[in-house]
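Visitor: Just dropping this structure here.
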Amino acid sequence: MEAVVLAAGYATRLRPLTNRVAKPLLPLAGRPMLDYLADKIDEVGDVEAIHVVTNSRFAADFEAWASSRSGRVPVRVHDDGTTSNNDRLGAIGDLRFVIERGGLEDEDLLVVAGDNLFDFSLEEYVAFWRSRGGSAIGVHDVGDLDLARRYGIVELDDSDRVVSLVEKPERPASTLASIAAYLFPAEHAALVRQYLEEGNAPDQPGRFVVWLYPRVPVHGYRFQGDWLDIGDREQLLEADNRMRRRAGLSEQAEYSLQPSRT
C-alpha cells in the first residue's frame, strides 16, 4: 500500500499566511501541520511510502520538510507543475498525476488531504477496510444539520455500505459527513482516469467517490474523536490551540506563524 497526501491547493481563504507558506506546512504548536498526519500514516504497517503531491510554488518547501523528517515511512514529493489557483489540476487531477508520475497503478492507496487533523487510528481504518472489501471513506457525525451543509453527507446501510453521498446538500439527510480520508484498492484507484476522461470535475476528492459508489462497493468507517478540516483562520487557530494544549503550551489569542512556545 502507498499513501498519497493531497497538498497542491493554494488555500486562498488563509491568505496572506499562505502567500509564503503552504497550508499543510503551517505550524501547529511549533510543528508543521503535515507532521501530525505523517505520524498517523507511519502507524500503518502496510504503507511503504508517503507520496506528497504539491505545486511548483511550494515543492521546494515540501522537499525540505521531507528531508528533515525522521519518520518510519519514506516521503516522496511530486511537483504537479502548477503555479497558481488558475492553473491548478484539482485534487482528483492531482491524484491521477501522482498515480502516473509515481508508478502507483498497481498499488492500493490510502489518500488523505493534507489539511485534515484527526484523532482516529489509520491502522484501525485499514483493518476495517480489509474486512469489508471494496473502497472506504472516513465518516464523522458532525451533530448539526446546519454544519452538515458544508460537507459531503453520507447514508450507510446496515453493513456500512454507502447508499447515498451528496456534496454540500441544501437539505442534509443526516449529519454523517465524509472526510477526505479514502482507501482504494488498485482496481478502484485506476477508475480515476475514467472519471476524468468522462469530463467530470477534477476538484474536491469527494466528487470522485460520489461517482464511484454506485459502480463499486464503498463502505463508511465511522470514527470517534476529534476532527478538524482546516479551511479558515478560525479553524486554524482552533487547531493550533488544540495542539498547544496537548503539548503543554499556552494558548494563543491570534494565530501567528511564529507563536510563543511558552
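Visitor: Tell me whether region 26-39 contains one or more residues that are in contact (Cβ under 8 Å) with a residue 24 or more places away in the chain, surrounded by fewer than 20 Cβ atoms within 10 Å (Cβ to Cβ), under 19 Å from GLY102 (Cβ atoms) and of a type in the set (D, E, K, R).
Guide: Checked region 26-39: no residue is in contact (Cβ under 8 Å) with a residue 24 or more places away in the chain, surrounded by fewer than 20 Cβ atoms within 10 Å (Cβ to Cβ), under 19 Å from GLY102 (Cβ atoms) and of a type in the set (D, E, K, R).
Visitor: Do you know which residues across region 215-244 are in contact with a strand residue (DSSP E or B) (Cβ under 9 Å, 6 or more places away or on another chain), more than 17 Å from LEU176 (Cβ to Cβ) and modelled with pLDDT of 95 or more?
Guide: VAL216, PRO217
Visitor: Considering only region 74-93, state which residues are of a type in the set (A, V, I, L, M) and more than 14 Å from ALA59 (Cβ to Cβ).
Guide: First pass over region 74-93, keeping only residues of a type in the set (A, V, I, L, M): 75, 77, 89, 91-92.
Across region 74-93, the qualifying residues are ALA91, ILE92.
Visitor: Which ones in region 214-234 are closer than 28 Å to SER164 by Cα and without any contact (Cβ under 8 Å) to a residue 40 or more places away in the chain?
Guide: PRO214, ARG215
Visitor: Does region 49-69 contain at least one residue that is over 27 Å from LEU236 (Cα atoms) and either touching a Ser or Thr at 6+ places or on another chain (Cβ under 9 Å) or surrounded by 14 or more Cβ atoms within 10 Å (Cβ to Cβ) (or both)? It would help to see each step written out before you state the result.
Guide: Initial filter on region 49-69 (over 27 Å from LEU236 (Cα atoms)): 49.
Filter once more, so that each one left must be either touching a Ser or Thr at 6+ places or on another chain (Cβ under 9 Å) or surrounded by 14 or more Cβ atoms within 10 Å (Cβ to Cβ) (or both): 49.
Among the residues of region 49-69, at least one is over 27 Å from LEU236 (Cα atoms) and either touching a Ser or Thr at 6+ places or on another chain (Cβ under 9 Å) or surrounded by 14 or more Cβ atoms within 10 Å (Cβ to Cβ) (or both), which makes the answer yes.
Visitor: Does GLY231 count as surrounded by 14 or more Cβ atoms within 10 Å (Cβ to Cβ), out of contact with any helix residue (DSSP H, G or I) (no Cβ under 8 Å at 6 or more places or on another chain) and at negative phi?
Guide: Numbers: surrounded by 14 or more Cβ atoms within 10 Å (Cβ to Cβ): yes; out of contact with any helix residue (DSSP H, G or I) (no Cβ under 8 Å at 6 or more places or on another chain): no; at negative phi: yes.
No: the conditions fail for GLY231.
Visitor: Which of the strands (runs of 3 or more DSSP E) contained wholly in region 128-174 include at least 3 residues that are within 16 Å of ARG215 (Cα to Cα) and free of Cβ contacts under 8 Å to residues at least 60 places away in the same chain? Even if it seems obvious, please write down each step before you answer.
Guide: Details: elements: 135-141, 152-156, 162-167.
In region 128-174, 162-167 are the strands (runs of 3 or more DSSP E) which contain 3 or more residues that are within 16 Å of ARG215 (Cα to Cα) and free of Cβ contacts under 8 Å to residues at least 60 places away in the same chain.
Visitor: Assess whether VAL111 counts as being at pLDDT 95 or above, of a type outside the set (D, E, K, R) and under 23 Å from LEU191 (Cβ atoms). So that I can check it myself, show each step before the final result.
Guide: Working: at pLDDT 95 or above: yes; of a type outside the set (D, E, K, R): yes; under 23 Å from LEU191 (Cβ atoms): yes.
Judged against the criteria, VAL111 is a match.
Visitor: While we're looking at this one, here's another question. Just the residues that are surrounded by 20 or more Cβ atoms within 10 Å (Cβ to Cβ), of a type in the set (A, V, I, L, M, F, W, C) and at pLDDT 95 or above, please, taken from region 123-139.
Guide: Correct list: VAL126, TRP129, ALA136, ILE137.
Listed here are the residues, each with its yes/no results for (1) under 26 Å from LEU183 (Cβ atoms); (2) β-branched (Val, Ile, Thr); (3) in a helix (DSSP H, G or I).
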residue	(1), (2), (3)
TYR10	no, no, no
ARG13	no, no, yes
ARG57	no, no, no
ASP61	no, no, yes
VAL77	yes, yes, no
LEU95	yes, no, yes
VAL98	yes, yes, yes
ASP106	yes, no, no
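The values are calculated or read from the model by the stated rules, or taken from the named source; none is laboratory data. Source: prediction; values computed, not measured. We place every Cβ from the backbone using ideal geometry, glycine too, and count neighbours over all the protein chains shown.
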